[in-house]
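Taken together, the values in this text are just the output of simple stated rules run on the coordinates, not laboratory data. For clarity, every value in this text was computed on a predicted model and none was experimentally measured. Positions of Cβ are generated from backbone atoms using ideal geometry, with glycine treated the same way; all protein chains shown enter the neighbour counts.
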Amino acid sequence: MKQPYIGRVIREFRLELNLTQEQLANYLGVSWLTVNRWENHHSQPSPLAIKQIDKMLSSNKELNQELLDKSLMNKD
């Protein structure tokens, strides 16, 4: 998965859940700055963070599909 793609998915996911970067960061056990770096394509989340994000998405199948569709439509 390309880095810009995953950053876009994380941002869309966070916004759809009406979470701030700080709120998502607290859930994942990282700093808000880390979430910001992911979303702005300066770094990638660790495998553990990706697993936690996947777990959140898996709990909401409709949101998961909606975000996937949006991200694929906007893929560079």
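What helices (runs of 4 or more DSSP H) lie completely within the stretch 1-48 and have 3 or more residues being among the aliphatic types (A, V, I, L, M)?
3-16, 21-28
How do the pairs read when you match residues in the stretch 20-31 that are within 12 Å of A49 (Cβ to Cβ) with residues anywhere that are part of a loop (DSSP other than H, G, I, E, B) and not β-branched (V, I, T), using Cβ under 9 Å and keeping only pairs 6 or more apart or on different chains?
Sorted first by the residue in the stretch 20-31, then by its partner, the pairs are L24/L17; A25/S31; Y27/L19; L28/P45; V30/P45; V30/S46.
Just name the residue that is surrounded by the fewest Cβ atoms within 10 Å (Cβ to Cβ) out of those in the stretch 1-49 that are of a type in the set (D, E, K, R) and under 16 Å from N60 (Cβ atoms).
So the residue we want is E16.
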